[in-house]
1. If B:Pro122 meets every condition in (1) surrounded by 11 or more Cβ atoms within 10 Å (Cβ to Cβ); (2) more than 30 Å from B:Arg158 (Cβ to Cβ) apart from one, which number is that one?
2. Can you tell me which residue within segment A:39-65, out of those that are basic (Lys, Arg) and modelled with pLDDT of 95 or more, is farthest from ligand 2 (Cβ to nearest atom)?
3. Condition first: away from ligand 2 (no atom under 13 Å from the Cβ) and either free of Cβ contacts under 8 Å to residues at least 24 places away in the same chain or hydrophobic (A, V, I, L, M, F, W, C) (or both). Now tell me which residues in segment A:166-180 satisfy that.
4. Please name all residue pairs, on different chains or six or more residues apart, with Cβ atoms under 8 Å, provided the first residue is in segment B:238-254 and is in the same structural domain as B:Leu279 (by TED's automatic domain parsing) and the second residue is of a type in the set (A, V, I, L, M) and assigned to a loop (DSSP other than H, G, I, E, B).
5. Among the listed residues A:Ala85, A:Ala159, A:Ala112, identify the single one that is crowded, with 21+ Cβ neighbours inside 10 Å, of a type in the set (Gly, Ala, Ser) and facing chain B (nearest Cβ under 9 Å).
6. Do we find that B:Arg133 is over 21 Å from the mean Cα position of the chain (by Cα), surrounded by 14 or more Cβ atoms within 10 Å (Cβ to Cβ), at pLDDT 90 or above and more than 19 Å from B:Phe385 (Cβ to Cβ) in this structure?
7. Given the options A:Leu187, A:Leu245, A:Leu178, name the one that is of a type in the set (A, V, I, L, M), over 22 Å from A:Val71 (Cα atoms), more than 16 Å from ligand 1 (Cβ to nearest atom) and outside any helix (DSSP H, G or I).
8. Of all residues in segment A:45-72, which are more than 14 Å from every other protein chain (Cβ to nearest Cβ), surrounded by 19 or more Cβ atoms within 10 Å (Cβ to Cβ) and near ligand 1 (Cβ under 9 Å from one of its atoms)?
Amino acid sequence: MPDTTNVSSDEIIICRDVHKWFDDFHVLRGISVTVRKGEVVVIFGPSGSGKSTFIRTINRLENHQKGDIIVDGIELTDDVRNIEAIRSEVGMVFQQFNLFPHLKVIDNVTLAPIWVRKWPKAKAEAIAMELLERVGIPEQAQKYPGQLSGGQQQRVAIARSLAMQPKIMLFDEPTSALDPEMIKEVLDVMKKLAGSGMTMLVVTHEMAFAREVADRMIFFDQGVIVEQGPPEQIFTAPQEDRTKLFLSQIL
Amino acid sequence: MSIATDIVIGPPDRPGAVLWLKKNLFSSWLNTLLTILSTAVIAFVVVGLGRWILFNADWSPVVQNLRLFAVGPYPVEQMWRIWAIVYMVSFLMGVSGGRWRGSVQTFALAMALAYTVLAILPISLEYLPLASRLRLLGNVLAAGLGYLLGRRVAIKGRWLALAWALSFALTLLLLGGLRNAAVAPYLPFVESGRWGGLLLTFLLALVGIVASFPIGVLLALGRQSSLPVVKGMCIIFIETVRGVPLVTILFMTSILLPLFLPPEVRIDRVLRAMLGMTLFAAAYMAENVRGGLQSIPSGQVEAAKAMGLNGWQTMLLIVLPQALRVVIPAIVGQFIALFMDTTLAIIVGLLELLAIGRAIINSNPQWLLLDMEVYGFIALIFWVFTFSMAYASRRIETAVGLGKR
Ligand SMILES: Nc1ncnc2c1ncn2[C@@H]1O[C@H](COP(=O)(O)OP(=O)(O)O)[C@@H](O)[C@H]1O
Ligand SMILES: [Mg+2]
C-alpha cells in the first residue's frame with residue numbers, strides 16, 4: 001500500500017498513471033492529475049475520449065486496473081468500505097439527471113442523508129429545504145420529478161448531491177441534455193457553488209462557463225491528457241495542435 | 001334565490017345524445033350495419049339468457065345449498081366462527097373504505113350492497129333462515145360503523161394494514177381451532193378437510209397470493225445474484241416449476257411429499273395444496289418481477305451508488321419499488337389466474353367451490369340435469385371476484401402513475 005500520509009493536505013484528489021481497459025479497449029492511458037481543495041477543474045475533449053470514464057473512476061462507478069487514485073486521503077481499492085466512504089464524500093451530477101421518479105423531490109434529496117448519514121428525518125428535511133432554496137425551487141418540493149422541467153430536474157439533482165455535504169462534486173455534462181433556455185439556470189447554480197469554495201470536476205463544453213469559473217482546464221483526447229492550464233492560456237495560447245483544432249471546431 | 005340566476009343553462013340533453021349516437025354508432029353505412037347487427041345479437045343473447053334465468057332454469061340445487069357453497073362441510077354447530085370472521089372482515093372493509101376512500105370505498109359499498117341483496121332474496125326461509133338474513137344486515141351495520149370510524153378518526157394507514165394482517169391470522173385460528181385440551185371446549189379443532197366451498201377457494205387463493213409474492217421477489221433477486229450457487233438454484237427452481245403443469249405440482253406436494261417425509265411429520269392436506277399453489281405462483285411471480293427489474297435504467301443504480309447507498313439499500317429503496325410498479329398489471333393478471341386455478345385443488349380431494357358444486361349435482365338424482373344452473377352460479381361467483389381484481393388493478397395503475405417519468 002502506497003504511503004499517503006506525507007501527501008500535502010491541500011491535495012484532495014491525486015491520480016497517478018491511471019489506466020483502464022474495457023475488455024481489450026484501452027480507454028484511460030496513463031492519467032496523472034492532482035486537484036487541490038476548492039479548485040474548479042473543467043474537463044473537455046472529443047466525444048469518446050474517456051472524460052466520463054475518468055471522472056467515474058473518482059467515485060469508483062468504474063474501477064481502474066493500473067495506477068493509484070487517492071481521494072481525500074483514502075486510496076480507492078476493491079475494499080467496499082473504502083468505496084462507500086468515498087462515495088458519501090463525493091457528489092455526482094449526471095447528464096440524464098437520474099432522479100428517482102417514484103420519490104417526491106424532497107424525498108429524493110433526503111434519501112441518502114437519512115439512510116447513509118442516519119440523520120433524523122426532520123433534520124434531513126430542514127437541510128433539504130435549505131438546499132432547494134439555494135437552487136431556486138423550494139416550491140417544487142412536494143412534486144414528483146416527472147412533473148418538473150429538465151432544468152428544474154437537474155437543479156434538484158444538484159441539491160440531492162449537496163445534501164450529503166460532499167467535499168467534492170463531479171459533473172458529467174450536466175447541461176448537455178437540456179434545452180438551450182434551461183442551460184443558464186443550471187450553470188448559475190454551479191457558478192454559485194464554485195464561488196462557495198466547493199472542489200469541482202466538471203466535464204462540459206460550455207466554454208463561457210469554463211472561462212468564467214474554471215481555475216484550470218484539462219483537454220482529453222484518446223484516453224490521455226493532451227494539455228492543461230488556466231483558461232486564459234488554453235483559450236489564447238494553446239500549446240498543442242490537437243487542442244487548437246478542437247477549440248476551433250467548438251468555438 | 002340569486003344564485004340560480006348565475007347558473008348557465010346548457011343545451012338540453014337530447015340533441016347532444018342524438019349527436020353522440022350519430023357520431024359514434026351511425027357515422028357510415030358500415031357502422032350503421034354493425035350497430036344494428038350487434039344490437040340484434042346482444043338483444044338475442046340477453047333475452048334468451050334472461051328468459052332462461054327467470055323462467056326455465058331450476059335453481060333449487062343452488063338455493064337449497066347456499067351454506068354448502070359458502071363453507072362446504074364445515075360443522076354446522078361451529079358456524080358462529082365463520083360469522084365472526086365475516087363480521088371482522090366487514091368491519092375492516094368499512095374502516096378501510098372510510099380511511100382510504102376511492103376504490104376501496106367502492107368495494108366496501110359493493111360488499112354492503114351484496115349483503116343487503118342476499119338478505120332480502122325472495123327464497124324460502126327454510127334455505128336462508130331469518131337468523132342468517134339478520135346477520136347479513138348486521139354485517140352491513142358493522143361495515144357502516146367501520147366506515148364512520150374510518151372517516152372520523154385519523155387512523156394511520158400502517159395500523160390499518162397491520163389490522164388486516166392480524167385479521168388473517170385470527171381467521172386461520174378461528175377456522176382451525178386448537179387441539180389444546182384447555183381451550184378445546186370453546187374452540188374445538190376443525191380439521192382442514194372440513195373447510196370447503198367459497199371459504200376454501202378464498203383461503204387457497206389468499207395464501208397463494210400472499211406467500212408467493214415475497215418468495216417470487218426473492219427468487220427474482222436470487223436469479224440476478226452474483227453468487228453462482230444462489231443464481232443456479234433459483235434458475236433451476238424457476239424453470240423446473242414453469243416447465244410443469246400446476247396439476248403435476250399439486251400431485252407432487254399432495255401425494256409424493258408425504259412419502260418422502262418421515263411418518264411423524266404430517267402436513268395437513270389443505271396446507272400441502274397451499275404449498276403447491278404457492279410454489280407454482282412464486283415461479284411465475286419471479287419471472288414477472290425479473291422483467292420489471294430489467295426495465296429499470298442503469299442510471300438509477302448509478303445515482304444511488306454515487307450517493308453512498310449500499311447494495312441492499314439500492315435494491316430495496318430504488319430498484320424494487322420501481323420494478324414492482326412496472327409489473328403491477330402482470331402481477332394482478334397472475335393473481336386472477338391463481339384465483340381460478342384454485343379449482344384444480346379438486347384433483348387432490350379438496351372441496352373448494354367447484355368440487356362442492358359437483359358434489360351437490362351428484363347428491364340428488366333430480367339435480368343431475370341441473371349442472372348448467374350450478375356451474376353458471378359458480379361461474380358468476382368467479383366472475384364477480386376476478387372482475388373486482390381487474391378493476392382494482394386499473395385503479396392502482398392510475399394511482400401510482402403519478403410518479404412516472
Ligand atoms: N461500459 C463500457 N463498456 C465498453 N466500452 C465503454 C463503456 N463505457 C464507455 N466505453 C467506451 O469508452 C470510450 C470512452 O467513453 P466515455 O468515457 O464515455 O467518453 P466521453 O465521456 O469522453 O465521451 C468510448 O469509446 C466508449 O465507447
Ligand atoms: Mg461522456
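The values are calculated or read from the model by the stated rules, or taken from the named source; none is laboratory data. Just so it is clear, the model here is predicted, and its values are computed rather than measured. Quick reminder, even Gly has a Cβ in these numbers, built from the backbone with ideal geometry, and neighbours come from all protein chains shown.
1. (1)
2. For segment A:39-65, the residue satisfying everything is A:Arg56.
3. Hits for segment A:166-180 are A:Ile168, A:Met169, A:Leu178, A:Pro180.
4. Every condition considered, no pair remains.
5. Result of the check over A:Ala85, A:Ala159, A:Ala112: A:Ala112.
6. Judged against the criteria, B:Arg133 is a match.
7. A:Leu178
8. A:Gly45, A:Ser49, A:Gly50, A:Lys51, A:Phe54
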